[in-house]
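Asker: Take this structure first; my questions come after.
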Amino acid sequence: MRLRGLEAPRLNIRPARVSDVPAICDLIKSFADKKLMIRRTLGELYEAIREFYVAVDDDGQIIGCSALHVFWEDLAELKCLAVSEQAQGRGVGRKLVDACWDSARVLDIKSVFTLTYVPEFFERCGYAQIEKSELPHKIWNECVRCPLFPNCNEVALIRSVSVSAAMTFNHQALMPLAVGV
Ligand SMILES: CC(C)(COP(=O)(O)OP(=O)(O)OC[C@H]1O[C@@H](n2cnc3c(N)ncnc32)[C@H](O)[C@@H]1OP(=O)(O)O)[C@@H](O)C(=O)NCCC(=O)NCCS
C-alpha cells in the first residue's frame, strides 16, 4: 500500500548514463552501510552501466536505480535496486522493477530472479518466492562479498513469462561455470 497523502514524484525512468555513476554509487553505498545491499565500486558501476536504469526526479536528481544482469539465454537477475529514503513508498521501486522486466522481455529472456530481504515488495511487483536451491550455482559468486555472508537469509523470487518457464530454465547449462562459495 502506498503512503497516504504522498503523490508519486514526477520522475523519469531511463537507462543510466556514465555521468549518473557517482550518484548511483552514493545511493547504493547508503544502503550498503546498513548491510542492506552489496557495495559497488565506481569501476564496477562504469563497467556495468549498460545494465542500469535510474529514476530521475524533476530536479534531475537520481532517486533510484536498478540493474538487469543476464546470466544465460533464459535467465537474468534483477539487482542493485535502491530508492532513496525520501522517495520511498511512492511507486518508484515498482517502476524500476518494471523497467528491468521490460528490458528482459526485449532481450527475449523468459525469467528474472532476485535475491532480497524485502520479498513482500517483490511479491507486490509480480514475483513469486522459490527455493534458493532452484537457482544455478553460478549466481552465488557475489555472495562472498556480502557483509552478511555466510549467514544471510535473503529470499529468492522469480518472475517468468509463464509459470512453467520459472521451473524449466536451463540449470544444467550454468552448472559447469559455477564457482563454489
Ligand atoms: C525496497 C524498495 C526498493 C522499495 O521501493 P519503493 O519505491 O519504496 O516501493 P514502491 O513504492 O514502488 O512499492 C510498491 C509496492 O510494494 C510495497 N512495499 C514497498 N516496500 C515494501 C516493504 N519493505 N515491505 C513490504 N511491502 C513493500 C508498497 O507498499 C507497494 O504496495 P502496493 O502494491 O500496495 O502499492 C526501497 O524501500 C529500498 O530501496 N529499500 C532499501 C534498499 C533495498 O532493500 N533494496 C532491495 C535490495 S534487493
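Asker: Please state the charge dipole magnitude for region 11-177, taken about the Cα centre, from unit charges on C-beta atoms (+1 on K and R, -1 on D and E), reported in debye and rounded to the nearest 20.
Answerer: Its charge dipole is roughly 120 debye.
Asker: Would you grab the residues whose amide H sits under 5 Å from the one on LEU81? Only those 5+ places off in sequence or on another chain, please, with H modelled 1.01 Å from N.
Answerer: ALA67
Asker: Quick check on packing: order 118-124, 68-74 by the mean number of other C-beta atoms within 10 Å, highest mean leading.
Answerer: Those peptides, ordered most packed to least, come out 68-74, 118-124.
Asker: Still on this model: Toward the positive end of the charge dipole of region 11-177, about the Cα centre and with charges on Cβ (Lys, Arg +1; Asp, Glu -1), which of HIS137, SER162, ASN12 goes farthest?
Answerer: HIS137
Asker: Now, a different point. For region 9-53 and region 111-142, what is the centre-to-centre distance using only Cα atoms, to the nearest Å?
Answerer: The two parts, judged by their Cα centres, are 20 Å apart.
Asker: What ranking do 140-147, 47-54 get when scored by the average of other Cβ atoms within 10 Å per residue, highest first?
Answerer: Top of the packing list down: 47-54, 140-147.
Asker: Under a 5 Å amide H to amide H cut-off, with H placed in plane at 1.01 Å, what residues pair with ILE130 once short-range neighbours are removed?
Answerer: ALA156, LEU157, ILE158
Asker: Could you give me D for region 62-152, from Stokes-Einstein at 4 °C and 1.567 mPa s, where the hydrodynamic radius is the Kirkwood radius over C-alpha pairs? Units µm² s⁻¹, please.
Answerer: 92 µm²/s
Asker: Taking only Cα atoms of region 11-177, what ratio of Rg to Rh do you get with Rh as the Kirkwood inverse-distance radius?
Answerer: 0.94
Asker: With +1 on each Lys and Arg Cβ and -1 on each Asp and Glu Cβ, how big is the dipole of region 4-63 about its Cα centre, in debye rounded to the nearest 20?
Answerer: Value, rounded to 20: 220 debye.
Every number here is computed from the coordinates shown, using simple stated rules; none is lab data. The structure presented is a predicted model; accordingly, all values stated were derived computationally and were not measured. Reconstructed Cβ throughout: ideal geometry from the backbone, glycine too, with neighbour counts over all protein chains shown.
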